[in-house]
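Reviewing the structure listed below.
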Amino acid sequence: LGHAVLCAKHLLNDEPFAVLLPDVLLLDQESRDKNYSFSSMVGAWNHTGIGQIMVERVSSDAIENYGVADLGTQESEAFKSVPLKGLVEKPSPKDATSNLAVLGRYILPYTVLGLLETTVAGIGDEIQLTDALDELLKLDGLNAFETDAGVFDCGNKRGFLSANLAVGMRDPEMKLSIKALIQKNAW
Ligand code: G1P
């Protein structure tokens, strides 16, 4: 991910930018605006001028698949922007400092690209965006921004199927078809 972000450097002109991982679907509560979480996070950037990393709560056994936020003794709550103490990419469950996982939505200052240029390969032998962000937060600060949206990691079969069902169940016509299919119990 670090290398991929660096590949986009020539598109930027010393300006803040967003990173959105497209294999992660975010479904805000139906009562809210479609992009409520993301636009709220942009609002937090506009208000603070500090980079924002969206996080969600995940179970302890899933934490090793994600970047993990360390907030020290501070409490996180939905739609609150909280200063980060550290970020670690895919820690083992025993080393994880919280169950707040980086979910793939970031608002970042241009300076992170300079840090990425000197970031060496980390876990998985890959240049990790998380490692550059852990450096950035020590220099300029960085905030975690928790969401309560539904998050679907479409990079695995369960997440992909769940995302399709969740989106389908929000469509009145599709909802009837999905219910009928399940009731038919045709498998
Ligand atoms: C990437 C990031 C990780 C983040 C995850 C979200 O990992 O490196 O910090 O938690 O996306 O899906 P990947 O899924 O590419 O291994």
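The values are calculated or read from the model by the stated rules, or taken from the named source; none is laboratory data. Treat the numbers as computed from the prediction; the structure is a model and nothing was measured. Reconstructed Cβ throughout: ideal geometry from the backbone, glycine too, with neighbour counts over all protein chains shown.
List of remarks:
- The range 1-23 - residue that is charged (D, E, K, R) and more than 10 Å from the ligand (Cβ to nearest atom) and, of those, farthest from VAL102 (Cα to Cα): ASP14
- Of all residues in the range 9-41, those satisfying the criterion of being part of a helix (DSSP H, G or I) and buried (at least 16 other Cβ atoms within 10 Å of the Cβ) are TYR36, SER37, PHE38, SER40, MET41.
- The range 24-41, residues that are within 16 Å of the ligand (Cβ to nearest atom) and among the small types (Gly, Ala, Ser): SER37
- Selection of the range 99-141 for residues being touching a Gly at 6+ places or on another chain (Cβ under 9 Å) and among the acidic types (Asp, Glu) yields GLU126, ASP131, ASP134, ASP140.
- Tally of residues being in contact with a Ser or Thr (Cβ under 9 Å, 6 or more places away or on another chain) and under 30 Å from LEU84 (Cα atoms) across the range 155-187: 0
- Single residue of the range 43-68 satisfying the filter (hydrophobic (A, V, I, L, M, F, W, C) and more than 13 Å from the ligand (Cβ to nearest atom)) that is nearest to ALA18 (Cα to Cα): TRP45
- Residues that are crowded, with 20+ Cβ neighbours inside 10 Å and of a type in the set (A, V, I, L, M, F, W, C) occur in the range 150-159; there is at least one.
- The set of residues in the range 114-143 being touching a residue at least 24 places away in the same chain (Cβ under 8 Å) and of a type in the set (S, T, N, Q) consists of THR119, GLN128, THR130, ASN143.
- The range 85-98 residues that are farther than 23 Å from GLN52 by Cα, paired with ones that are crowded, with 20+ Cβ neighbours inside 10 Å (beta carbon under 7 Å, 6 or more apart): PRO93/ILE63
- Pairs linking a residue in the range 21-46 that is under 29 Å from HIS3 (Cβ atoms) and hydroxyl-bearing (Ser, Thr, Tyr) to a residue that is away from the ligand (no atom under 16 Å from the Cβ) and modelled with pLDDT under 95, with Cβ atoms under 8 Å and 6 or more positions apart or on different chains, are SER39/ASP33.
- Pair list, Cβ under 9 Å, 6 or more apart: the range 68-81 residue touching a residue at least 40 places away in the same chain (Cβ under 8 Å) and acidic (Asp, Glu), other residue surrounded by 13 or more Cβ atoms within 10 Å (Cβ to Cβ) and not in a loop (DSSP other than H, G, I, E, B): GLU77/GLU146
- Of all the listed residues (ALA163, ALA144), the sole one being in a helix (DSSP H, G or I) and hydrophobic (A, V, I, L, M, F, W, C) is ALA163.
- Enumerated strands (runs of 3 or more DSSP E) restricted to the range 69-114, each holding at least 2 residues that are within 11 Å of the ligand (Cβ to nearest atom) and buried (at least 18 other Cβ atoms within 10 Å of the Cβ): 86-89, 100-108
- For the range 115-137, filtered to residues that are of a type outside the set (A, V, I, L, M, F, W, C) and in a helix (DSSP H, G or I), the residue that is nearest to the ligand (Cβ to nearest atom) is THR130.
- For the range 46-68, the criterion of being polar (S, T, N, Q), buried (at least 18 other Cβ atoms within 10 Å of the Cβ), in contact with a strand residue (DSSP E or B) (Cβ under 7 Å, 6 or more places away or on another chain) and not in a helix (DSSP H, G or I) is met by at least one residue.
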